[in-house]
Amino acid sequence: MLQTTKCKLCRREGKKLFLKGERCNLAKCAFTRRPYAPGKSDKFRGGKLSDFAKQLRAKQACKRIFKISEKMFNNYYKKAAKAKDSTGEVLLQLLHTRLDNVVYELGFASSRANAQQFVSHGHILVNNKKVNIISYQVKPTDKIIIAPNSKSLVDTDKKSKNIPEWLKLTSKTSGQLAGIPTKENIITDIDIQLIVEFYNR
């Protein structure tokens with residue numbers, strides 16, 4: 001079976017990025033079967049990564065997890081760097097409170113790619129108003145709702161996803177932030193310190 005570009009990205013980063021939703025948890029996941037970088041000889045390559053390589057890989061993995069461009073990621077970092085609080089923590093907050101990520105984390109979409117489609121196609125309401133900007137920053141007062149005519153797109157009875165503690169479901173088709181996410185309650189294997197070091201080198 002041919003692997004997709006998404007599977008190759010996971011293999012390149014050396015870890016699952018969960019770009020294909022539930023498929024990533026199955027035995028047929030390409031990374032599970034071949035947990036080494038793409039290329040016939042990469043399986044046999046060893047060697048220790050330099051500090052710069054580790055920092056670059058951390059940034060690239062983070063970009064790919066959230067499906068955002070280099071320019072947008074740079075803008076998020078600049079905004080985080082200007083904040084009074086920890087740059088790394090603010091960066092994580094900006095990424096996790098994007099509308100597409102909130103839709104995904106609430107279990108309304110099987111992957112972030114799915115969530116981006118839902119938002120851009122107008123299937124998501126914020127405070128009862130259609131918002132099709134995937135990078136919209138969700139605030140604790142915002143109510144995220146699946147549009148009435150789009151409820152059939154979400155299998156609300158079979159959602160098995162664990163909802164992060166900084167989010168809460170208010171019904172099967174709506175939810176909101178329970179509070180601003182912090183490093184302590186964001187479940188991620190992103191090494192945010194390496195990303196900060198990349199930009200400060």
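Among the candidates GLY107, GLY122, single out the residue that is more than 26 Å from PHE198 (Cβ to Cβ), crowded, with 18+ Cβ neighbours inside 10 Å, touching a Lys or Arg at 6+ places or on another chain (Cβ under 6 Å) and not hydroxyl-bearing (Ser, Thr, Tyr).
Just one listed residue meets the conditions, GLY107.
State all residues of the stretch 63-97 that are in contact (Cβ under 8 Å) with a residue 12 or more places away in the chain, within 18 Å of GLU184 (Cα to Cα) and outside any loop (DSSP other than H, G, I, E, B); if no residue qualifies, say none.
Answer for the stretch 63-97, where residues must be in contact (Cβ under 8 Å) with a residue 12 or more places away in the chain, within 18 Å of GLU184 (Cα to Cα) and outside any loop (DSSP other than H, G, I, E, B): ALA80, THR87, GLY88, GLU89, LEU91, LEU92, GLN93, LEU94, LEU95, HIS96.
Can you name the number of the only condition in (1) modelled with pLDDT of 95 or more; (2) in contact with a strand residue (DSSP E or B) (Cβ under 9 Å, 6 or more places away or on another chain) that LYS79 fails?
The number of the failed condition is (2).
Within the stretch 149-171, can one find any residue that is over 27 Å from ARG57 (Cβ atoms) and in contact (Cβ under 8 Å) with a residue 60 or more places away in the chain?
yes
Being at pLDDT 90 or above and of a type in the set (S, T, N, Q) is the filter here, so list the residues in the stretch 186-201 that pass it.
GLN193, ASN200 - these are the residues of the stretch 186-201 that are at pLDDT 90 or above and of a type in the set (S, T, N, Q).
Of the residues VAL126, VAL196, which single one is among the β-branched types (Val, Ile, Thr), within 17 Å of ALA109 (Cβ to Cβ) and over 17 Å from the mean Cα position of the chain (by Cα)?
Step by step, each of VAL126, VAL196 is checked, and only VAL126 is among the β-branched types (Val, Ile, Thr), within 17 Å of ALA109 (Cβ to Cβ) and over 17 Å from the mean Cα position of the chain (by Cα).
The values are calculated or read from the model by the stated rules, or taken from the named source; none is laboratory data. Since the model is a prediction, treat every value here as computed from it, not as a measurement. Positions of Cβ are backbone-derived with ideal geometry, glycine not excepted, and every protein chain shown enters the neighbour counts.
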